[in-house]
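Engineer: Below you'll find the structure I mean.
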Amino acid sequence: MEGSAASAWLKGVQSAPTCTLGLVLKQSLPLDFFGLSLPRDGEAIPIVAVCVQERKVSGLVPAGKSALVVIPTPEQSASLCSLEPAEILDRCLPAIERVVGSVRSLILRARVTAFPEGYTVF
């Protein structure tokens, strides 16, 4: 395949770093969805999706608690990944709260997971 058009095309494929923000909350949220994709309407919101883990599989989250996985927008992933975890939470929390309601006082634990190779950019 070396020297072929496909080989040349594949050499142009890049990857972009990304990360996720996981939140464990001290109480369950009354949400009726697993994943919610946020429309990008021109506002500079840093997240593209919120996933409610206890809605995914029974027993994944301890009873009475909630766990959210927050996915940043591709446009903001690299800049978010360069921040400290507390800064990522501060940057994302207003958008999270627009979607799921006030959770700041419910956060037991926040964790950022980095994916240096992230996603593929063609």
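Engineer: Placing +1 on the Cβ of each Lys and Arg and -1 on the Cβ of each Asp and Glu in the chain, which of 13, 122, 112 has its Cα farthest towards the positive end of the resulting dipole?
Structural biologist: The listed residue farthest towards the positive side: 112.
Engineer: Continuing with this model, one more query. Could you tell me the relative contact order of the chain? Use alpha-carbon pairs under 8 Å, at least six residues apart, and round to a whole percent.
Structural biologist: Over the chain, the number comes to 43 percent.
Engineer: Next question. Report in % the part of the accessible area of the chain that belongs to carbon and sulfur, leaving out ligands and nucleic acids; probe 1.4 Å.
Structural biologist: Answer for the chain is 56 percent, counting heavy atoms of protein chains only.
Engineer: Continuing with the same structure: Go from 0 up to the bin containing the longest alpha carbon distance in region 1-69, width 5 Å each, and give me the % of pairs per bin.
Structural biologist: 3, 13, 17, 14, 11, 9, 8, 8, 7, 5, 3, 1
Engineer: What number does the chain give for Rg over Rh if you use C-alpha atoms and the Kirkwood radius?
Structural biologist: 1.08
Engineer: Specify the angular offset, from 0 to 90 degrees and rounded to the nearest 10, of the alpha carbon long axis of helix 85-100 from the longest principal axis of the alpha carbons in the chain.
Structural biologist: Relative to the chain, helix 85-100 is tipped by roughly 70 degrees.
Engineer: Dipole magnitude of region 1-72 about its Cα centre, charges +1 at Lys/Arg Cβ and -1 at Asp/Glu Cβ only, in debye to the nearest 20?
Structural biologist: Charge dipole, region 1-72, about its Cα centre: 220 debye, nearest 20.
Engineer: Leaving out ligands and nucleic acids, note down the accessible area per residue over the chain with a 1.4 angstrom probe, in whole Å².
Structural biologist: I get 61 Å² per residue for the chain.
Engineer: Among 109, 91, 55, whose mean-square fluctuation peaks in a Gaussian network model of the chain (Cα, cutoff 10 Å)?
Structural biologist: 109
Engineer: Only Cα pairs within less than 10 Å get springs; with that Gaussian network setup on the chain, which residue of 44, 16, 110 has the largest fluctuation?
Structural biologist: Checking each option, the largest mean-square fluctuation is seen for 44.
The values are calculated or read from the model by the stated rules, or taken from the named source; none is laboratory data. Predicted model only: the values in this text are computed from it and were never measured. FYI the Cβ positions are ideal-geometry reconstructions off the backbone, even for glycines, and counts take in every protein chain you see. With ligands, DNA and RNA removed, areas are computed over all heavy atoms of the protein, side chains included. Shrake-Rupley method; radii C 1.70, N 1.55, O 1.52, S 1.80 Å.
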